[in-house]
Amino acid sequence: MTTYSRQPRRGGLRRGEAASGWLFTAPMIILLGLFLVIPVLMALWVSFSDWGGRGSPFSGSVNFVGFKNYSTLLSGGGLAEQDFGTALKNNAWYVVLVVPLQTALALFLAVMVNRQILRGRGFFRTAFYFPSVTSSVAITVLWLFLFNSTGAVNKALSYLGVVGPNWFNDPAGIFHFGATSGPAFLEKSTALGVPLWDWIGGPSVAMFALILLAVFTTSGTFMLLFVAALQNLGGDIQEAAMMDGATGWQRFWRVTLPQLRPTLFTVLTLGLIGCWQVFDQIYTGTQGGPAKTTMTPAYLSYTSSFVNQSWGQGAAIAFILFVIIVFFTLFQRWVLRERAVSKRRMRQYTVATTAATSTPVAPAMAAGAAADTGEENER
């Protein structure tokens, strides 16, 4: 009689391992629940209520108002909608200019300091990274002095024959190119209470100075991420591309950059989140001025809640901003996804490969045929 012994399942958890796992992760789960999940749920409730900031938001005097706070911001037609539209326009241009500039500069610096022939690479890495570890408040105060009407920047521009603007007091859009008014249809057409003429005018001169500040302070951090990624790349592919006659730019664009896609996604995601949440430079620098041209949704959420005591609108702004960040993160993930080779390119590759392998064979066959013909003539 054959007896079968019951074997334990491979890959399964032994008795007590699951309990031990939950036990070790319990402190972090509790901390995240107390200081992240519960506050987020409370803020979500506040965005749907008329809480005034006094007492508990769950008291009986607090009423549920539905989507009133959101509709006031998005389609209310009043000052709240106009302020939110202005803040969204300012922050959108901030993101459009800062994210590409800081990513391109960080990648350029990483390629430069990663070169073997560069002497003092450690010094340059430290120098480029130093602004990222400096206090944002200190950097902002320094920027206010540098970009003052009589500051060092305008002094340097004067040597070039250029009259510098009054940076942090100039609300003009940089893409208006000095025009004070635009076409009538752009002045009358509005989006979120803001004329289209202002939307296409770009950031103000004051916001552009803050854009330069963001690029200056964040490029060093992203440079280190690119340096770490470049040092993990194998040199065999580069050598193969050099053997094929690829130029330096072709090797970078066709070989190096595709291998940096995961790091590029990380840098773009972190830059996108940081740019949409910009607050400290605005709070310590311009307070949203001049003429609200440096006001951002994060700063507007703060002023709506803590200054105007409109806690419902402030929480609603925060959650609208959260949806915007998630949307653009998913969008750029879709853009940077791994794509399958198209049939057209695969057909071209197949034809080129076939031609490359058949080319050396044709002369050999012709030479063989000629030799056979010569032998027959001699006979």
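The values are calculated or read from the model by the stated rules, or taken from the named source; none is laboratory data. Note that the coordinates shown come from a computational prediction; the quantities given were computed from them, not determined experimentally. Note: ideal-geometry Cβ built from the backbone for every residue, glycine included; neighbour counts use all protein chains shown.
A few points about this structure:
- Screening the candidates Asp280, Asp170, Asp236 for the property of being in contact with a strand residue (DSSP E or B) (Cβ under 9 Å, 6 or more places away or on another chain) and at pLDDT below 95 yields one hit, Asp170.
- Subset of the range 270-304 (residues that are aliphatic (A, V, I, L, M), out of contact with any Phe, Trp or Tyr (no Cβ under 8 Å at 6 or more places or on another chain) and closer than 16 Å to Phe84 by Cα): Ala291, Met295
- Residues of the range 69-88 that are part of a helix (DSSP H, G or I), more than 18 Å from Tyr283 (Cα to Cα) and touching a residue at least 24 places away in the same chain (Cβ under 8 Å): Asn69, Tyr70, Thr72, Leu73, Leu74, Ala80, Glu81, Gln82, Gly85.
- Of Ile282, Ile237, Ile273, all but one fail to be more than 23 Å from Phe108 (Cβ to Cβ), touching a helix residue (DSSP H, G or I) at 6+ places or on another chain (Cβ under 9 Å) and hydrophobic (A, V, I, L, M, F, W, C); the exception is Ile282.
- Wholly within the range 140-254, helices (runs of 4 or more DSSP H) carrying at least 3 residues that are surrounded by 13 or more Cβ atoms within 10 Å (Cβ to Cβ): 152-159, 196-199, 205-231, 236-243
- Of Leu109, Leu88, Leu118, all but one fail to be buried (at least 17 other Cβ atoms within 10 Å of the Cβ) and over 30 Å from Gly314 (Cβ atoms); the exception is Leu109.
- The residue of the range 309-337 that is surrounded by the fewest Cβ atoms within 10 Å (Cβ to Cβ), among those that are touching a helix residue (DSSP H, G or I) at 6+ places or on another chain (Cβ under 8 Å) and not in a helix (DSSP H, G or I), is Leu336.
- Selected residue (criterion: farthest from Trp93 (Cα to Cα)) from residues of the range 282-305 that are in a helix (DSSP H, G or I) and of a type in the set (S, T, N, Q): Ser305
- When restricted to residues that are farther than 15 Å from Thr256 by Cβ, part of a helix (DSSP H, G or I) and without any contact (Cβ under 8 Å) to a residue 60 or more places away in the chain, the range 98-122 contains 3.
- Positions within the range 255-281 being part of a helix (DSSP H, G or I) and closer than 30 Å to Leu144 by Cα, in sequence order: Val267, Leu268, Thr269, Leu270, Gly271, Leu272, Ile273, Gly274, Cys275, Trp276, Asp280, Gln281
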